[in-house]
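The values are calculated or read from the model by the stated rules, or taken from the named source; none is laboratory data. Everything numeric in this text was worked out from a predicted model, so none of it was measured. All Cβ positions, glycine included, derive from the backbone under ideal geometry; neighbour counts span all protein chains shown.
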There are 2 protein chains.
Amino acid sequence: MKIDDKFFMKLAINEAWKYQFLTYPNPSVGCVVVKGDSEILSIEAHKEVGKAHAEVNALKEAFLKYHPNDVLKTLSNSFEIHEYLIKHHNDFFNDCTIYVTLEPCNHVGKTPSCANLLKQLKPKRVVIAHKDMNNQAKDGQKTLEEASIECEVGCMKKEAYDLLYPFLKWNSGTFIFYKMAQTLNGTIDGGKISSNQTLAYVHTLRDRIDLLVIGGNTVRTDRPTLDARYVVGTAPEVLIYSQKTIFDTQIPLFKIPNRKVTISDDLFKLLDYKFVMIEGGYTLLEKLKEKIDFLILLVTPKIRNGLNAQNIIDMDFEIIHENFIGKEKIIYLRRKVK
Amino acid sequence: MKIDDKFFMKLAINEAWKYQFLTYPNPSVGCVVVKGDSEILSIEAHKEVGKAHAEVNALKEAFLKYHPNDVLKTLSNSFEIHEYLIKHHNDFFNDCTIYVTLEPCNHVGKTPSCANLLKQLKPKRVVIAHKDMNNQAKDGQKTLEEASIECEVGCMKKEAYDLLYPFLKWNSGTFIFYKMAQTLNGTIDGGKISSNQTLAYVHTLRDRIDLLVIGGNTVRTDRPTLDARYVVGTAPEVLIYSQKTIFDTQIPLFKIPNRKVTISDDLFKLLDYKFVMIEGGYTLLEKLKEKIDFLILLVTPKIRNGLNAQNIIDMDFEIIHENFIGKEKIIYLRRKVK
């Protein structure tokens, strides 16, 4: 296997995927710091809005690798880490290459500018997978090149675009994903399918999204709560997709304080939100199949006798990433537009 | 993310999985060479029986990383590489850690002993994920420790055991895997499911196995050839699992020269072979569900209307690895014994 720029960038991309969706409204970004030719110092990602960017996490861990008991260890605020590194780097990064999946940000927002930090730390080279198209944040590369830091753009661009895709969509309109849990052979009925760990992940997603869409029949049959209690998160706003507007108000989802629930069969409403999750089976997928960006498949490693062949759907996807959630699998699929 | 022994061992394990089954009758083994604390020099695997072991490939690539135009580049024979490295290493490996998924072999077979090679190169440390239980090859660790090379055994042992599992089975009896191609929603009918790249992989497997088992109804309906023509490989011996012994002899599989075909409903025959692949759908799986070690699922990223709910199977698995074959997915599942 070749140990080259692509190898290191892939490590950064894989690390970023661990936090896909969880950084909303920020993009998911990964960063790897390599000293000399191939000494890996750190592999980090941006984890949550308001928290340190991927570059900051990676530069901090890289510095600590050589200075394990440095006071830097105690800092977690981005402004403090920036300030500390600028003051104490002592040319440590001069022989380092920084691999980052997205062009370092060029502006001061909730956290300071990564391009400015890198400019002062003067690494040997910055390899960027994908340009930042955001008007506020862009031109990090320009800032670096003006400081005579060698930049390379486009390494693993396709994979970085896949990673960035949800951000590009919610940043310019609406990103809609369909979440479905199933067995290996595609059965989705018959009680609990996912493990508690996977359910906790779903609750984390519910905590992040702007809107949860669910079918009226599922609400009537399953009587769900649709909150984020497993992670002590915020219950999302709910749109029940239904023509009939009458529901038993004793269904738990109606009982969550301060949560808005709309009952409607108008799917245009989805476009009023930036980050939308749909929970359902194949019937609802059939209705929404032209609307979704991603299908997120949670697969439990079991074969079960069950119903799943009623669907009359033909849909093509591209697998853009897959990962484990404990002993189960999560597959990220982008809908192919025919 | 922590850059530690586990991180490097995982790279070795993942590299080895790329060649799972293809090394038969040898085990699938991976090796990573790290200089100093975290400078990755090489990530390699054993690729085919008779060819260089993982350690030899990794040591060669590591040496070439610092000596890119060395004559070593031109060598591919294991004995020559061993001899060359022993003669020219010039203490290059003294500050290196070698991560290997299986204890280095201690005997001279088709290739020379890896433990002996390492003993002479004197790396700082050898980290071994899993002991070698093979009577001929074992005790590599002992050889290394007698040469005062620090050894650590058991790093990622569970993952290394999963990787080694097919070898342990075929080495002591029979390893049986069930290969199935399906869509995301589990449909398996309706013409061609897999891409040409995935089909070529299946043909490579057919070239390696001792016996291919297929159901009588599939033979009658699909009239398959069951050879390895996509990779110009050897067509495997075939067992048609059927109570009725009369078949149309014009079916292509019967026309392959020098290939043995047996028609039988006696599944005990499978135990006369070491490495057995079963190709079929859920009906045959139901019959064989207590016999198989692995389910190898080839998944195409499509949802299709089709039949797949006739099965009445309840089976539990552990996902032990997953990978891409081009744009499709391969999932390695080990059957859970209840």
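Overview of results
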item	result
Failed criterion for B:LEU144 (all others in (1) among the aliphatic types (A, V, I, L, M); (2) in a helix (DSSP H, G or I); (3) not assigned by the TED database to the domain that holds B:PRO25 hold)	(3)
Scan of segment B:209-249 for residues that are surrounded by fewer than 18 Cβ atoms within 10 Å (Cβ to Cβ), touching a residue at least 24 places away in the same chain (Cβ under 8 Å) and aliphatic (A, V, I, L, M), ordered by number	B:VAL231
Counted residues, segment B:310-338 - those being in contact (Cβ under 8 Å) with a residue 24 or more places away in the chain and part of a loop (DSSP other than H, G, I, E, B)	6
Filter result for B:GLU318 (surrounded by fewer than 20 Cβ atoms within 10 Å (Cβ to Cβ) and within 14 Å of another protein chain (Cβ to nearest Cβ))	yes
Matching residues, segment A:122-140, being surrounded by fewer than 22 Cβ atoms within 10 Å (Cβ to Cβ) and under 16 Å from A:VAL32 (Cβ atoms)	A:LYS124, A:ARG125
Residue in segment B:217-225 that is of a type in the set (A, V, I, L, M, F, W, C), in contact with a Lys or Arg (Cβ under 9 Å, 6 or more places away or on another chain) and away from every other protein chain (no Cβ under 14 Å) present	no
Yes/no for B:GLU159 being buried (at least 17 other Cβ atoms within 10 Å of the Cβ), of a type outside the set (Lys, Arg) and in the same structural domain as B:TYR99 (by the TED database)	yes
Test: residue in segment A:282-304 that is facing chain B (nearest Cβ under 10 Å), crowded, with 18+ Cβ neighbours inside 10 Å and farther than 14 Å from A:ALA181 by Cβ	yes
Hey, A:ASN171 out of contact with any Asp or Glu (no Cβ under 8 Å at 6 or more places or on another chain) and surrounded by 16 or more Cβ atoms within 10 Å (Cβ to Cβ) or not	no
Filtered residues of segment A:180-213 (kept if at pLDDT 95 or above and in contact with a Leu (Cβ under 7 Å, 6 or more places away or on another chain))	A:THR204, A:ARG206, A:ARG208, A:LEU211, A:LEU212, A:VAL213
Of all residues making up segment A:1-15, the number that are within 11 Å of chain B (Cβ to nearest Cβ) and among the aliphatic types (A, V, I, L, M)	4
Residues satisfying the stated conditions in segment B:60-72, i.e. surrounded by 13 or more Cβ atoms within 10 Å (Cβ to Cβ) and over 19 Å from B:ALA115 (Cβ atoms)	B:GLU61, B:LEU64, B:LYS65, B:HIS67, B:ASP70, B:LEU72
Number of the exception - A:GLU103 against (1) within 13 Å of another protein chain (Cβ to nearest Cβ); (2) surrounded by 24 or more Cβ atoms within 10 Å (Cβ to Cβ)	(1)
Residue that is farthest from the other protein chains (Cβ to nearest Cβ) [pool: residues in segment B:178-206 that are surrounded by 18 or more Cβ atoms within 10 Å (Cβ to Cβ) and of a type in the set (D, E, K, R)]	B:ARG206
Leading residue by the ranking (nearest to the other protein chains (Cβ to nearest Cβ)) among those in segment B:43-53 that are surrounded by 24 or more Cβ atoms within 10 Å (Cβ to Cβ) and touching a Phe, Trp or Tyr at 6+ places or on another chain (Cβ under 9 Å)	B:ILE43
Of the criteria (1) within 14 Å of chain B (Cβ to nearest Cβ); (2) farther than 23 Å from A:GLU159 by Cβ, which one A:GLY109 fails	(1)
Selected residue (criterion: farthest from the other protein chains (Cβ to nearest Cβ)) from residues of segment A:328-338 that are exposed (fewer than 14 other Cβ atoms within 10 Å of the Cβ) and touching a strand residue (DSSP E or B) at 6+ places or on another chain (Cβ under 8 Å)	A:LYS338
Number of the condition not met by B:VAL276 [criteria: (1) more than 14 Å from chain A (Cβ to nearest Cβ); (2) farther than 25 Å from B:GLN197 by Cα]	(2)
From the options A:ILE86, A:ILE40, residue that is surrounded by 14 or more Cβ atoms within 10 Å (Cβ to Cβ), over 30 Å from A:TYR332 (Cβ atoms) and modelled with pLDDT of 95 or more	A:ILE86
Members of segment A:16-37 found to be within 13 Å of another protein chain (Cβ to nearest Cβ) and either within 23 Å of A:MET277 (Cα to Cα) or touching a residue at least 12 places away in the same chain (Cβ under 8 Å) (or both), listed by number	A:ALA16, A:TRP17, A:LYS18, A:TYR19, A:GLY30, A:CYS31, A:VAL32, A:VAL33, A:VAL34, A:LYS35, A:GLY36
Meets criteria (farther than 29 Å from A:ILE312 by Cβ and either touching a helix residue (DSSP H, G or I) at 6+ places or on another chain (Cβ under 7 Å) or not assigned by the TED database to the domain that holds A:GLY216 (or both)) for A:VAL261	yes
Flag if A:SER78 is modelled with pLDDT under 95, out of contact with any helix residue (DSSP H, G or I) (no Cβ under 7 Å at 6 or more places or on another chain) and in the same structural domain as A:ALA160 (by the TED database)	no
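Matching residues to (1) assigned by the TED database to the domain that holds B:GLY280; (2) under 20 Å from the mean Cα position of the chain (by Cα); (3) more than 22 Å from B:LYS287 (Cα to Cα):
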position: B:LEU212; (1), (2), (3): yes, yes, no
position: B:ARG220; (1), (2), (3): yes, no, no
position: B:THR225; (1), (2), (3): yes, no, yes
position: B:ALA228; (1), (2), (3): yes, yes, yes
position: B:PHE247; (1), (2), (3): yes, no, no
position: B:GLN250; (1), (2), (3): yes, no, yes
position: B:LYS255; (1), (2), (3): yes, no, yes
